[in-house]
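Beneath this line is the structure, given in structure tokens, with notes to follow.
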Amino acid sequence: MTLVISLVLGMTIGFFLKLNKNILKINSKIQIVILFGLLFSMGMSLGVNPDIVSNLKTIGITSLIFSSLTVFFSIIFVFLFHKFIVKES
């Protein structure tokens, strides 16, 4: 719930405050630094977990299979959609 409140509050402030380009550039740089900090801390949390480190090969293979099948079936769905739904003129 806190995440949703933060998102709506940020959208509301952004809607009513028209920020100039300099402030938006600064905001963009701050967001990138915070994002890298978040990724670093998540990596640290994963790195100290012995269960994840010991199963890294299995997790990687499962992730590769899942992402490959997702891309494969997305391509097939788009092909079938264009072939049967969007008829060529």
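The values are calculated or read from the model by the stated rules, or taken from the named source; none is laboratory data. What you see is a predicted model; the values in this text were computed from it and never measured. Cβ sites come from the backbone with ideal geometry, for glycine too, and all protein chains shown count toward neighbours.
Data for the structure
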quantity	calculated
Selection from the stretch 1-38 of residues that are modelled with pLDDT of 90 or more, of a type in the set (D, E, K, R) and over 21 Å from the mean Cα position of the chain (by Cα)	25
Filtered residue count, the stretch 77-89, keeping only those that are assigned to a helix (DSSP H, G or I) and exposed (fewer than 10 other Cβ atoms within 10 Å of the Cβ)	2
